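Trainee: Just dropping this structure here.
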Amino acid sequence: QVQLVESGGGLVQPGGSLRLSCAASGSISSISSMRWFRQAPGKQRELVAAITRDGVTNYADSVKGRFTISRDNAKNTVYLQMNNLNPEDTAAYYCNADITALFSRHTWGYWGQGTQVTVSS
């Protein structure tokens, strides 16, 4: 069984920083792309950032220059460093990963449970 667990959310003032982590655990053979999504109340879930196993990244225009996605393949963990946060970044943040489980030939997308980020003074 595969599980993704996020951590690092919280309340921060505008201009502040937070670092989110998402660790994958369980019977994992390999992890290809890993992503961070976010969903604000009343809005659709949107892709924030993505990273391939080789470290190629892409970002939503709204976070370019402020957010940095990275990963530690040895720890099956993806990170999202968020700087210069503003109230529009307030949302539940979800990690997503393409994982091949042990003894499986198929790759499935797994989701974490989400972590809340609130930017407010």
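Trainee: If I ask for residues that are surrounded by fewer than 19 Cβ atoms within 10 Å (Cβ to Cβ) and not in a strand (DSSP E or B), which ones from region 72-90 would you list?
Mentor: Within region 72-90, Asn73, Ala74, Lys75, Asn83, Asn84, Asn86, Pro87, Glu88, Thr90 qualify.
Trainee: Here's something else I'd like to know. Any residue that is closer than 30 Å to Phe103 by Cα and open to solvent by 50 Å² or more (accessible area, probe 1.4 Å) - is there at least one of those in region 8-24?
Mentor: no
Trainee: Would you kindly identify the strands (runs of 3 or more DSSP E) lying entirely within region 1-71 that contain at least 2 residues that are under 17 Å from Gly109 (Cβ atoms) and modelled with pLDDT of 95 or more?
Mentor: Those strands (runs of 3 or more DSSP E) span 2-7, 18-26, 28-39, 46-51.
Trainee: Give region 28-58 a look and list any residue that's crowded, with 18+ Cβ neighbours inside 10 Å and free of Cβ contacts under 8 Å to residues at least 24 places away in the same chain, or say none.
Mentor: Listed by number, the list holds a single entry, Ala50.
Trainee: Out of all the residues in region 80-90, is one or more over 21 Å from Ser121 (Cα atoms) and modelled with pLDDT of 95 or more?
Mentor: yes
Trainee: Could I ask something else about it? Can you tell me which residue is nearest to the chain's Cα centre (by Cα) among those in region 91-107 that are in a strand (DSSP E or B) and either free of Cβ contacts under 8 Å to residues at least 40 places away in the same chain or buried (at least 19 other Cβ atoms within 10 Å of the Cβ) (or both)?
Mentor: Filtering region 91-107 for residues that are in a strand (DSSP E or B) and either free of Cβ contacts under 8 Å to residues at least 40 places away in the same chain or buried (at least 19 other Cβ atoms within 10 Å of the Cβ) (or both), the one nearest to the chain's Cα centre (by Cα) comes out as Cys95.
The values are calculated or read from the model by the stated rules, or taken from the named source; none is laboratory data. These numbers come from a predicted model, not from an experiment. Quick reminder, even Gly has a Cβ in these numbers, built from the backbone with ideal geometry, and neighbours come from all protein chains shown. Only protein heavy atoms, including side chains, enter the accessible area calculation; ligands, DNA and RNA are left aside. Shrake-Rupley method; radii C 1.70, N 1.55, O 1.52, S 1.80 Å.
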